[in-house]
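Just so it is clear, none of the values below were taken in a lab; they were calculated from the coordinates. These numbers were taken from a predicted model, which means no experiment stands behind them. For neighbour counting, all protein chains shown are included, and Cβ atoms are generated from backbone atoms with ideal geometry for every residue, glycine included.
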Amino acid sequence: MLALFIVISLGAAFLISLFGRKSKVFCDITCNISTFALFLLSLNSLFVVRQYSTVVYKIGGWIPPLGICLVLDGFSAFMLVTLNLVSFLIAIYSINYMEKYTDKYKFYSLFMLMVAGMNGVILTGDIFNLFVFLEIASVASYALVAFGVEAEELEASFKYAVIGVISSSFILLGIGLLYAYTSTLNMADISLTIAQKGFSSVILFVSVLFMAGFGIKSALVPFHAWLPDAHPSAPASISAMLSGVLIKVLGIYSLMRIFFNIFGVTEVMLTILTALGAISLLVGVFLAIGQWDLKRLLAYHSISQIGYVVLSIGLGTPLGILGGLFHLFNHSIFKSLLFLNSGAVEYATDNRDLKKMGGLKEKMPVTSNTSWIASMSISGIPPFNGFWSKLIIILACVQADRIGLAFIAVIGSILTLASFMKVQKFAFLGKLNTTLDKIKEVPVSMRLSMIIFAAICLFGGLLLIPHLMEYFLKPAVNVLVSGTEYAFTVLGG
Amino acid sequence: MSVYFLCLVLFSIGLYCVLRKRNIIKIIIGIAIMEYAINLFFILIAYRWQGRAPIMAQGREILGMVDPIPQALILTSIVIGLSVLALLVGIALRIFDKYNTFDITKIKRLKG
Amino acid sequence: MIKNDKKEVGMTLIVKTITRLTVGLILLFGIYIVLHGHISPGGGFAGGLIIALSFIHLMLAFGREAALKRLSEAKAAILESVGALLFLIIAVLGFTGGYFFLNFINKGKPFNLFSAGIIPLCNIAIAIKVGVGLFSIFIVLVILQEDRKE
């Protein structure tokens, strides 16, 4: 069953590139049906995890340390649901939004390739396989950033591609050293071998390489330079995909899987993670406040919110991990929604500069209301989902006796609120700009997807109800808390 | 041991080329050098003293072979490198269309 | 390249003659490498590369039209997807035995041409994908270049 995640998405990508040239409707239908199927499958995987806790799928019938295996545990199921929910809603949004670009089938084909890559990264239990899927997703995203082939987009894409290739090289070098040290590529087996051989300086060097490589992929602050260029330049649905899930799956997920489950987390690594998180949180939000380009502002906020996630997971306590993962889910929802809103504004007014907007609330009620919900959610106002996750993060900081970090988190939240007040004031409230008299609300598929996102924002806090948490968040937290026991559950099962 | 070190030197040369050079084409060449350094490193990991190529042939025993897994991995990473390189060259050509230069200090419309 | 009055495309007579003699052999060698991928060094990727190189060779020697007449851009794009889909279908057929990518065909005797189950089929699919893919990368870059000259 697990292989279906990869089969469906890859199959859809190739089918679209084969037949999509002729009819646009075919592309729309294939992409939406396949992402919907993936979403249903990922929901199903939650129940599977509840029942069996860990499922190991042997590709080609080869037993794990020899062959490649796919592993589904709580953490993977959590990430799968996040990824496939967001990609399904974005596929709906793209039906109308991508009309303004030519070659829609190429877009869908690359989009499905990216989804396939990310599904593969989440599911795989083999470290080189992880690298291959990571490259599939990143190469597709380089191409998608340049999709508009305008000057800025090409420039951003080139920058993104060069930095991305450097990070992939670091990761590949790390994998090579790891293979030389442990003579195996299966992640569970690597973990066992390291536990037997003991900690050595090779592992330290590999950790540094992985930290740099995956740090670049997840745009933590010293490595963030590509993100504010790449995310705004892409088409809005791709910006939502990049900010919403790509940096989390390629960056955070792989980082956590490797550091928590394979190497076994140490105090030093946790300190580094919290420090990186705190720096990203503050730097991202400070840079965001001064921006006038709507999408660029949102891109800087992605850096800052990723900082929250890493800071919270870096605390290492169960509550901290819970807060971090919940914020990861929430961030992918509201940041995708904000990018879709910015896409809707751009679609209607052909403009991203906040200074030239104003009073859009009269003309575009759906866009402005959903963006209001998302803004409140990202700045942590109750009762939206962002509030609950930030509350848990701050509580976790206090519980771990790190008052300074809690203080940083609160400051970040206040500054986020300030910058989103600015967005609301200049873009949606106030008097209608005279040049914008003729704009209309966006088409139906875009509205539908934004409304669903907003509804999830509104009711996301309900996921903390104990009964629902047992299904969604608790298994994921357990996987990270149990650490290197991952090896025994994979190889034993 | 020194061969591994030389690999790292080659990798550093590529990294230096990517970070320091201003011409887009030279940056792409730097990326290629980095990839080759890593590929070389993998092959060297696999090598054992006086090993022979890991090919199964009729009537020969499986003895004294070098490790075949890194070689298989390298084939994959070469394919990935090829696709990335092709994409980068394509983007570079398009950039030349728009800006009429390969100098990255002159290609900076994105700021902030 | 010297432009003479006769509006001749491609390279000189020497190159053209040599190409005419060798290009078929290169193509055949590529196919040989693909088909013997499971019993000797080589395989789908290497063989596909050689097949693509034979077409690129043709293009360099005789100009764009000669190569595109044999394998046009649209056909290349279709073949590329077909190759990838073939590979996926072979992998999915493994579900008949219970596992994704299961080698479900009889393995046969080692070192025979018809052995190793699905591996030769996979090699052929990869060769189509890689060969056509590389050729279309080359075409795209050339077209980009020529568009700019105009």
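Along the principal axes of its C-alpha atoms, what lengths does segment A:40-98 span, in descending order and rounded to whole Å?
46, 24, 15
I'd like the mean, over residues of A:17-25, of how many other protein chain beta carbons sit within 10 Å of each residue's own Cβ.
Other-chain Cβ atoms within 10 Å of each residue's Cβ, averaged: 2.
Kindly put A:K248, A:K106 in sequence by how many other C-beta atoms sit within 10 Å of each C-beta, fewest to most.
Details: A:K248 28, A:K106 18.
Ascending Cβ contact count within 10 Å gives the list A:K106, A:K248.
Restricting to Cα atoms and excluding each atom paired with itself, what does the Kirkwood estimate give for segment A:386-429 in Å?
Evaluated on segment A:386-429, it is 11.4 Å.
Could you please report the charge total around B:I13, scoring K, R as +1 and D, E as -1 over all other residues with beta-carbon less than 13 angstrom from its beta-carbon?
Its environment carries a net charge of +2.
What order, most packed first, do the peptides A:150-156, B:11-17 have when packing is the mean number of other Cβ atoms within 10 Å of each residue?
Put in order of decreasing packing, that is A:150-156, B:11-17.
What is the log10 of I(q)/I(0) for chain B, computed with the Debye formula using one identical point scatterer on each Cα and no solvent, at q = 0.15, 0.17, 0.20, 0.22 Å⁻¹?
-0.77, -0.89, -1.07, -1.17
Name the aspartates and glutamates eligible as straight-distance cross-link partners of B:K26: C-alpha to C-alpha under 19 Å, and not fewer than 8 places from it in the same chain.
A:E155, B:E35, B:D97, B:D103
Which of A:L298, A:F329, A:L255 sits closest to the plus end of the dipole of chain A, meaning its Cα is farthest towards the positive end, when Lys and Arg get +1 and Asp and Glu get -1 on the C-beta?
A:L298
Taking a cut-off of 21 Å, what percent of all Cα-Cα pairs in segment C:13-149 are separated by more than that?
Details: 4586 of 9316 pairs.
Value for segment C:13-149 (Cα pairs over 21 Å): 49 percent.
For segment B:10-19, just list the computed ³J(HN,Hα) in residue order, Karplus coefficients 6.51, -1.76 and 1.60, θ = phi - 60°, integers in Hz, with x standing in for Gly and Pro.
Ordered by residue, 3J(HN,Hα) equals 4, 4, 5, 4, x, 4, 4, 4, 5, 7 Hz.
For peptide B:6-14, how many partner chain Cβ atoms fall within 10 Å of a residue's Cβ, on average? All intermediate terms of the calculation are to be shown ahead of the outcome.
Details: counts 0, 2, 1, 0, 0, 3, 0, 0, 2.
The mean count of partner-chain Cβ atoms within 10 Å per residue comes to 1.
Can you give me the pair-distance distribution of segment A:401-493, C-alpha pairs, 5 Å bins, whole percents?
Bins of 5 Å from zero give 2, 9, 7, 10, 15, 15, 12, 10, 7, 6, 3, 2, 1, 0 percent of pairs.
With respect to the cross-link table entries A:K355/A:K438; A:K104/B:K106; A:K248/A:K440; A:K58/A:K474; A:K100/A:K355, which display a Cα-Cα separation exceeding 30 Å?
In this structure, A:K104/B:K106; A:K248/A:K440 exceed 30 Å between Cα atoms.
Once you compute Rg and the Kirkwood Rh from C-alpha atoms, what is the Rg to Rh ratio for segment A:1-124?
Numbers: Rg = 15.4 Å, Rh = 15.0 Å.
Reported Rg/Rh (Cα atoms, Kirkwood Rh): 1.03.
About the Cα centre, and with charges only on the beta carbon of Lys, Arg (+1) and Asp, Glu (-1), how big is the dipole of segment A:3-492? Nearest 20 debye, please.
800 debye
Order these by the 10 Å Cβ neighbour count, fewest first: A:V410, A:V249, B:V3, B:V84.
Placing the least packed residue first, the sequence is B:V3, A:V410, B:V84, A:V249.
Give me the one-decimal nm value for the distance between modelled label points at A:V410 and B:Y47, 7 Å along each residue's Cα-to-Cβ direction.
6.1 nm
Over 16 Å apart: what share of the alpha carbon pairs of segment C:43-104 falls there, rounded to a whole percent?
Counting pairs separated by more than 16 Å, the tail of P(r) holds 60 percent.
Kindly provide log₁₀ I(q)/I(0) values, in the same order as q = 0.09, 0.10, 0.11 Å⁻¹, from the Debye equation applied to equal alpha-carbon scatterers of the protein assembly as shown.
-0.84, -1.05, -1.27
If I take R0 = 60 Å and measure r between the Cβ atoms of A:E150 and B:E61 in this structure, what FRET efficiency does the formula 1/(1 + (r/R0)^6) give, to the nearest 0.05?
Efficiency, from the Cβ-Cβ distance: 0.45.
What list of whole percents do you get for P(r) of segment A:218-345, with Cα-Cα distances grouped in 10 Å bins up to the one holding the largest distance?
14, 47, 29, 9, 1
May I ask which residue of A:S53, A:L10, A:I272 lies farthest towards the positive end of the charge dipole of segment A:3-492, with charges of +1 (Lys, Arg) and -1 (Asp, Glu) on Cβ and the Cα centre as origin?
So the residue we want is A:L10.
With unit charges on the beta carbons (Lys and Arg positive, Asp and Glu negative) and the dipole taken about the Cα centre of segment C:13-149, which residue among C:A127, C:G117, C:L58 sits farthest to the positive side?
The listed residue farthest towards the positive side: C:L58.
Sort A:W388, A:W372 by Cβ crowding within 10 Å, fewest neighbours at the top.
Fewest-to-most ranking of A:W388, A:W372: A:W372, A:W388.
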